Amino acid sequence: MSILSIKSLVQRVLRKLGWEVQRFENAHVEHQILKKILISTGATIVLDVGANVGQYGDLVFETGFEGTVISFEAIPAVHQKLAAHAMRKGRRWLVAPCAALGTQRGQLAMNVSANLVSSSVLPMLGAHLDAAPESRYVRQLTVAVERLDELVPALLPPAGQLLIKVDTQGYELQVLQGATDLLPRTVAIQLELSLLPLYEGAPTFTELIAFVQSIGFELFSIIPGFRDPRSGRLLQADGFFVRAAMRPATGD
């Protein structure tokens, strides 16, 4: 039996067991796509908007990234955990003052979810709650709102290009609209995209992609995210965008 035949047999057996195996360097997973984009665009600063307790920051540094991560979190109790985690990791991980981000300074009511990661300033729709009952809102609190353009300059290194990641449960467009002054330094963007309405007033998948394209970025890759466990329907995905003039080269 040839090596290819053995490989095919092993893949079929693993698939029957519910597993899929592929070469890690070319795997369609967040770690590898993020690593390729950071290297090919030369981004040296990552803005992690909607950081929770630092999962994304950990992922960025696991790629071998040697630049600076600046994280943003709006819920005070979560922000405290994020700050403690980042401090243990070292000086290249900064945490901005506790605030939500949007189009203008002020205050907003934040809906806090039971699982914390689904918290949003927007009302949650039934499709989300039905697929993830643990995401239900359990309380509401008032949070400060800042514009990225006004909050970030004091934290930014004097030189370096940005990758902006936004995971704010339906509020991604408002965050980007508050970051127009940062765009000249931005070479890549990562956004959570909803394929089905999950939060009231949130932009659709196509609307958000169209906006990012209108400010000079091209869609580079999409990876699946949140699914309805009952049907398997994909509800959210992460979209990776790069500045059109800096399109990464093809190949490994």
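The numbers here are math on the coordinates, done by the rules we state, and not lab data. Please read all numbers here as calculations on a predicted model, not as lab measurements. Quick reminder, even Gly has a Cβ in these numbers, built from the backbone with ideal geometry, and neighbours come from all protein chains shown.
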Original post:
For helix 205-214, what angle does its Cα long axis make with the longest principal axis of the chain, in degrees from 0 to 90 and rounded to 10?
Top reply: 70 degrees
**OP:** For residue 227, list long-range residues whose amide hydrogen, built 1.01 Å from N in the peptide plane, is under 5 Å from its own amide hydrogen.
**Re:** 235
Original post:
Counting other C-beta atoms within 10 Å, which of 146, 172, 66 has the fewest, and how do the rest follow?
Top reply: 66, 146, 172
Original post:
Is there a pair in 36/81; 35/165; 35/81 whose C-alpha atoms are over 21 Å apart, and which pairs would that be?
Top reply: 36/81; 35/81
**OP:** Could you please report the charge total around residue 55, scoring K, R as +1 and D, E as -1 over all other residues with beta-carbon less than 15 angstrom from its beta-carbon?
**Re:** -4
Original post:
If you take the Cα atoms of the stretch 30-172, find Rg, then find the Kirkwood Rh from the mean of 1/r over all pairs, what is Rg/Rh?
Top reply: 0.97
Subject >> For residue 121, residues with placed amide H under 5 Å, excluding near neighbours >> reply: 111
Original post:
Measuring from centroid to centroid over Cα atoms, what is the spacing of the stretch 171-213 and the stretch 217-233 in Å?
Top reply: 15 Å
Subject >> Packing-based exposure ordering (other Cβ within 10 Å, fewest first) of 209, 189 >> reply: 209, 189
**OP:** Compute the long axis of helix 76-89 from its Cα atoms, compare it with the longest principal axis of the Cα atoms of the chain, and write down the angle in degrees, 0 to 90, nearest 10.
**Re:** 60 degrees
Subject >> Linear extension gain, residue 205 paired with residue 115, 0.36 nm per residue minus alpha-carbon span >> reply: 30.0 nm
Original post:
In Å, what Rg and Dmax follow from the Cα atoms of the chain?
Top reply: 19.0, 68
Subject >> Anisotropy class of the stretch 129-252 from Cα gyration tensor, a/c 1.5 cut >> reply: oblate
Original post:
Which order do 162, 182 fall in if you start with the one that has the fewest other Cβ atoms within 10 Å?
Top reply: 182, 162
Original post:
What Rg and what Dmax come out for the stretch 87-153 when only alpha-carbon atoms are used, in angstroms?
Top reply: 14.7, 42
